[in-house]
1. Tell me whether region 565-581 contains one or more residues that are free of Cβ contacts under 8 Å to residues at least 24 places away in the same chain, surrounded by fewer than 18 Cβ atoms within 10 Å (Cβ to Cβ) and either over 16 Å from residue 53 (Cβ atoms) or out of contact with any strand residue (DSSP E or B) (no Cβ under 9 Å at 6 or more places or on another chain) (or both).
2. Considering each residue of region 592-603, count those that are crowded, with 19+ Cβ neighbours inside 10 Å and either within 19 Å of residue 575 (Cβ to Cβ) or over 26 Å from the mean Cα position of the chain (by Cα) (or both), and give that number.
3. So which residues in region 631-658 are more than 27 Å from the chain's Cα centre (by Cα), part of a loop (DSSP other than H, G, I, E, B) and in contact (Cβ under 8 Å) with a residue 60 or more places away in the chain, if there are any at all?
4. Give me the strands (runs of 3 or more DSSP E) completely within region 176-247, filtered to those with at least 2 residues that are more than 26 Å from the chain's Cα centre (by Cα) and farther than 16 Å from residue 165 by Cβ, ordered by residue number.
5. Can you say whether residue 417 is more than 20 Å from residue 119 (Cβ to Cβ), over 26 Å from the mean Cα position of the chain (by Cα) and surrounded by 14 or more Cβ atoms within 10 Å (Cβ to Cβ), as far as the supplied structure shows?
6. Filter region 146-164 down to residues that are part of a strand (DSSP E or B), touching a residue at least 60 places away in the same chain (Cβ under 8 Å) and surrounded by 20 or more Cβ atoms within 10 Å (Cβ to Cβ) and give me whichever is farthest from the chain's Cα centre (by Cα).
7. Select, from 80, 47, the only residue that is within 17 Å of the chain's Cα centre (by Cα) and modelled with pLDDT of 80 or more.
8. I want to confirm something. Restricting to region 443-467 and keeping residues that are within 30 Å of residue 490 (Cβ to Cβ) and free of Cβ contacts under 8 Å to residues at least 60 places away in the same chain, which single residue is surrounded by the most Cβ atoms within 10 Å (Cβ to Cβ)?
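The values are calculated or read from the model by the stated rules, or taken from the named source; none is laboratory data. Keep in mind it's a predicted model, so treat the numbers as computed, not measured. Here Cβ is always computed from backbone atoms with ideal geometry, including for glycine, and neighbour counts include all displayed protein chains.
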């Protein structure tokens, strides 16, 4: 793998690069931005806040990509190659069940995934190519469909690059990362530009079983202005990854001396995955008041995961290791028409669109295995065809200081499944329709203050195997939500965004890919409060903090037995960033997760943590160096935790229910050097 990366870099360096300065669109501009640049009376105030955050606190790891969203927490518990577990607004989203994630409009969530519904692996993104991030909490956005219950996140890669760059990072645990970004083409007269980026990662991690994690990424983007009013974008990416994992271990395995904190019970855990994306998008300005955009995408996806959650509970002799396989092609397109109208003293922005996504799933497998290859028992093997046809319309009607934003969305799903363990059944299928209305109000009592009240319905789809078994009945339960809050900017230096929110789900059930069955919680209710604070007392100093409280409960269970497992209760992130004119930068970050229930009666508690990271950097015109220190104070913390019934060798056949965990990263330092040309 390393040799391949070096060969690619050498070939690219021989290319006759053109170094004319790029003319990026607004989202890609990398000029110095400040808090005062945020326009409070804007539909995209949240995205503008993140844009300032990106400028002051740059993304340095693939994990940082998701952590940029205020209130969003992640946990990695399978060797670095598995998608992160996501927490937001009182939701344990698993790997993406209740949060819609996309990159340049390409959906990241995988429907009916072998491991979990909505599985979202963002590791095909190279952090240095990210130009901006759009996000929204709640289900209030007509153009966002499946999985948009707790919120959505859309990453935008840069349209073009100002320069080429090579970076090398090295750190503890035999960690190595290399990045190359190459400005291939810039033709200002033709409105044409292109760049290519590549990344290679390797680490053994802090675990006793060496992770041998490696990942290779390639990404290319081409843009051309076709005429004065239209342009086309073509981009492609591919990545492949393989790793070993230590998985979750029971607390008693450590306290009893069976293994250390960074040990494992089953050393065969790990996996491999890869994804190739192709995107073609076209935009046209039809008139000064109307525009059209279309995008067409294709993804080739493969995934194999080896896990062991119960050890010797199901198979005392051979062990309970499982293999999950997902192999699919994804096809899709989206079209949007936007039109602006003048209405007396007001203004109306009308957007309508339609889209199609089609998943051709060649293999969904779940098997008990030994040493990854010997199949002991096959629980699932099948193929699926899943189609989603959708349409939406929405408006932003500005009347004086008011803006009213109604919208409605309709989704049609076609589910088809072929169970290869029951060949006589053949293909089975069903259809489901979901309509989701939205309505929000905004009021601007002053130029620097916006009040808002958002409402809307959302949903997440469920696994094709469960949908077909239920014959399509009650398989897309709705979520209902509301937000009441404000965005307030004081003197261009202080920005506050408080919000109260409420969320209700008709039925919270998810297919469990690890055990081939449905985890059904019933009706759930959540409410809470968010506070975003940004303060820039001087151009060189930037302070930020996000605090998020949630009260998640099962709606129909008695008090004391109505807790939602692993749902976050209180989280907070923040830090201080220093950027001096001489090129020196320093960032001190913190993240805090409070204790939370690990089961429905709170008898097992997932312990909280408080972790600090430090980033020091020095940059000149053509080179830069930085030092990143994770877990600065070397605290013992658990990144992922689950209440599970497990059986270790020699224990009672019924097993023991106890907290299992994956330890968080200990003190970890990484030094990086980059050159620009």
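1. So far as region 565-581 goes, no, none of its residues is free of Cβ contacts under 8 Å to residues at least 24 places away in the same chain, surrounded by fewer than 18 Cβ atoms within 10 Å (Cβ to Cβ) and either over 16 Å from residue 53 (Cβ atoms) or out of contact with any strand residue (DSSP E or B) (no Cβ under 9 Å at 6 or more places or on another chain) (or both).
2. Summing the residues that are crowded, with 19+ Cβ neighbours inside 10 Å and either within 19 Å of residue 575 (Cβ to Cβ) or over 26 Å from the mean Cα position of the chain (by Cα) (or both) in region 592-603 gives 1.
3. Hits for region 631-658 are 648, 649, 651, 653, 655.
4. 213-225, 230-244
5. Criteria not met by residue 417.
6. Filtering region 146-164 for residues that are part of a strand (DSSP E or B), touching a residue at least 60 places away in the same chain (Cβ under 8 Å) and surrounded by 20 or more Cβ atoms within 10 Å (Cβ to Cβ), the one farthest from the chain's Cα centre (by Cα) comes out as 157.
7. Selected residue: 80, the only one of 80, 47 that is within 17 Å of the chain's Cα centre (by Cα) and modelled with pLDDT of 80 or more.
8. 452
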